[in-house]
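The structure under discussion appears below in the form of structure tokens.
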Amino acid sequence: MSAERGRGGLLPLGVVDVAGPSMVPTLYEGDLVLVRYGGRITPGAVVLFRHPLRQDLLVVKRAVGRRPRGWWMLSDNQFVDSDSREYGAVPDDLVLGRVLLRLRPRPAWLGRHPARTVR
């Protein structure tokens, strides 16, 4: 994910560019998404967080369930495993917010998908 744009101000909203294939088919390289910082996270939500091992890196994944040490996050792309299977549960303090909708190229709300089985 690229650097955040528009964070701050009166509304807790920001815009983030998607980089990489991990959220295909939900999101693609170059998509622009709207994030609600501090938004309520529920299983099935698409979430923006700081990578647990590289906190300068912003990551978008799907929250699939709570674990004792945080949220279990998985890629929508079954062929990409750079998610909680690699770095474990994501602590709450690294979770920035919920991705609400894709702004570009085809605006669409990102509804909840059935949560995948937590491994």
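Can you find, within the range 1-36, the residue that is surrounded by the most Cβ atoms within 10 Å (Cβ to Cβ) among those that are at pLDDT 95 or above and within 19 Å of residue 65 (Cα to Cα)?
Among those that are at pLDDT 95 or above and within 19 Å of residue 65 (Cα to Cα), it is 23.
I'd like to know if the range 64-72 contains one or more residues that are under 19 Å from residue 24 (Cβ atoms) and either outside any loop (DSSP other than H, G, I, E, B) or modelled with pLDDT under 95 (or both). Outline the logic, then answer.
Step one: of the range 64-72, the residues under 19 Å from residue 24 (Cβ atoms) are 64.
Checking which are either outside any loop (DSSP other than H, G, I, E, B) or modelled with pLDDT under 95 (or both) leaves us with 64.
Checking the range 64-72: at least one residue is under 19 Å from residue 24 (Cβ atoms) and either outside any loop (DSSP other than H, G, I, E, B) or modelled with pLDDT under 95 (or both).
Before we move on, is residue 52 modelled with pLDDT of 95 or more and not in a strand (DSSP E or B)?
On the way: modelled with pLDDT of 95 or more: yes; not in a strand (DSSP E or B): yes.
Yes, satisfied.
Could you tell me which residue of the range 11-56 is farthest from residue 105 (Cα to Cα), considering only residues that are hydrophobic (A, V, I, L, M, F, W, C) and free of Cβ contacts under 8 Å to residues at least 24 places away in the same chain?
Within the range 11-56, the subset hydrophobic (A, V, I, L, M, F, W, C) is 11, 13, 15-16, 18-19, 23-24, 27, 32-35, 41, 45-49, 53.
Of the ones still in play, those that are also free of Cβ contacts under 8 Å to residues at least 24 places away in the same chain are 11, 19.
Details: 11: 23, 19: 14 Å.
Going through the qualifying residues, I end up with 11.
The values are calculated or read from the model by the stated rules, or taken from the named source; none is laboratory data. Computed from a predicted model, the values in this text were never measured in an experiment. Using ideal geometry, Cβ is built from the backbone for each residue, glycine included, and neighbour counts are taken over all protein chains shown.
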